[in-house]
Amino acid sequence: MKFFGKTVAALAALATVPLAARADLRVATASTYPPYEFLNEKGELDGFDKDLMEEIGRRLGEKIVWLDTGHYDMVIPSLVTDRADVIAAGMSATPIRAKRVLFSTPYVPTMASFVTAPNVAVKKLEDLRGLRGCVPVGTTQDVFLTPLAGELGFQIKNFAKIEECLWDIVTGRSDFTLMDVPVADKILELPSFKGKAVRGYTFQLTGAGKALAVNLGNTALKNKLDGAIAAMEADGTLPALREKWKLGKK
């Protein structure tokens, strides 16, 4: 497979990361999905999920130790191989993923938009026929789009990061990608892509929304996370974070 070598290399890199003390809460993410998680101008991890987990850690009395896998398709492997206790990566709670991980209470709906070259119009799924698409491997968008390629008559290919998909569109090698709305709004403002790719048809991709994830069977940790999320929703902390990072209402 195209990314087999990269996946093996990434797993090997994860294996060299020393295990944090069990008093810490080890959180896996992939800093390629602004505004959920990204590296800021100082090269530091930033974003909605960073703020969310740091506040949850404060409320639970746990120190948060971050593991940035660098690739979205590596966050679940980092959890199931015991390199992390929690995934906080703008992850949609899909039925397929629920076979491998246990999700928390969702905290943001999953809204997706097609992003295209300016001369390409996608107003419905049927408009994809004959077009060339690309998505980051292992994402919800990949899981949604790739099985539809044959049925709807479009081409699809994978990249490791969403920026690579956008570069493929900007350089004319692809016509469209599918992105989380907040991610699209953030990345399309970057000078490299502003005016060179546009956001179009928008819809709710999954009903469950974005959630944290823990290992199957770890109901004790899930319950703690759910309790913290509920408290943050009730006292206004979570709505304020959604507003800060322009994620819309729950």
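On the given criteria, is I169 crowded, with 21+ Cβ neighbours inside 10 Å, under 19 Å from the mean Cα position of the chain (by Cα) and under 19 Å from Y33 (Cα atoms)?
In short, no.
Quick one: I87 ticks every box in (1) in contact with a Lys or Arg (Cβ under 8 Å, 6 or more places away or on another chain); (2) closer than 15 Å to L221 by Cα; (3) hydrophobic (A, V, I, L, M, F, W, C) bar one, so which box is it?
(1) is the only condition that I87 fails.
State whether one or more residues within region 59-66 are within 24 Å of D168 (Cα to Cα) and not basic (K, R).
No, there is no match, as no residue in region 59-66 is within 24 Å of D168 (Cα to Cα) and not basic (K, R).
If I filter region 118-137 for residues that are outside the structural domain of E55 (by TED's automatic domain parsing), within 30 Å of K222 (Cα to Cα), in contact (Cβ under 8 Å) with a residue 12 or more places away in the chain and of a type in the set (G, A, S), do I get at least one hit?
Looking through region 118-137, none of the residues is outside the structural domain of E55 (by TED's automatic domain parsing), within 30 Å of K222 (Cα to Cα), in contact (Cβ under 8 Å) with a residue 12 or more places away in the chain and of a type in the set (G, A, S).
Taking region 129-145 only, how many residues are surrounded by fewer than 24 Cβ atoms within 10 Å (Cβ to Cβ) and at pLDDT 95 or above?
The qualifying residues number 4.
Condition test on V115, is it surrounded by fewer than 19 Cβ atoms within 10 Å (Cβ to Cβ), among the hydrophobic types (A, V, I, L, M, F, W, C) and part of a strand (DSSP E or B)?
The answer is no for V115.
Got a sec? Which of E151, E189, E164 is closer than 20 Å to F38 by Cβ and without any contact (Cβ under 8 Å) to a residue 24 or more places away in the chain?
E189
Looking only at region 52-66, which residues are part of a loop (DSSP other than H, G, I, E, B) and either small (G, A, S) or more than 19 Å from A230 (Cβ to Cβ) (or both)?
Within region 52-66, just G61 meets the criteria.
If you check R132, R59, which single one turns out to be of a type in the set (K, R) and touching a helix residue (DSSP H, G or I) at 6+ places or on another chain (Cβ under 6 Å)?
Only one candidate passes the filter, namely R59.
Which of the strands (runs of 3 or more DSSP E) contained wholly in region 132-235 include at least 1 residues that are of a type in the set (F, W, Y)?
Passing ranges, in order: 155-159, 176-180, 198-210.
Look at D180 and say whether it is acidic (D, E), modelled with pLDDT under 95 and touching a Gly at 6+ places or on another chain (Cβ under 8 Å).
Criteria met by D180.
Please go through region 28-68 and pick out each residue that is surrounded by fewer than 22 Cβ atoms within 10 Å (Cβ to Cβ) and among the acidic types (D, E).
Hits for region 28-68 are E41, E44, D46, D51, E54, E55, E62, D68.
Scan region 6-51 for residues that are in a loop (DSSP other than H, G, I, E, B), of a type in the set (A, V, I, L, M) and at pLDDT 90 or above and report the count.
Selection size over region 6-51: 1.
The values are calculated or read from the model by the stated rules, or taken from the named source; none is laboratory data. Everything quoted here is computed from the prediction, not taken from an experiment. Cβ atoms come from the backbone with ideal geometry, glycine included; neighbour counts cover every protein chain shown.
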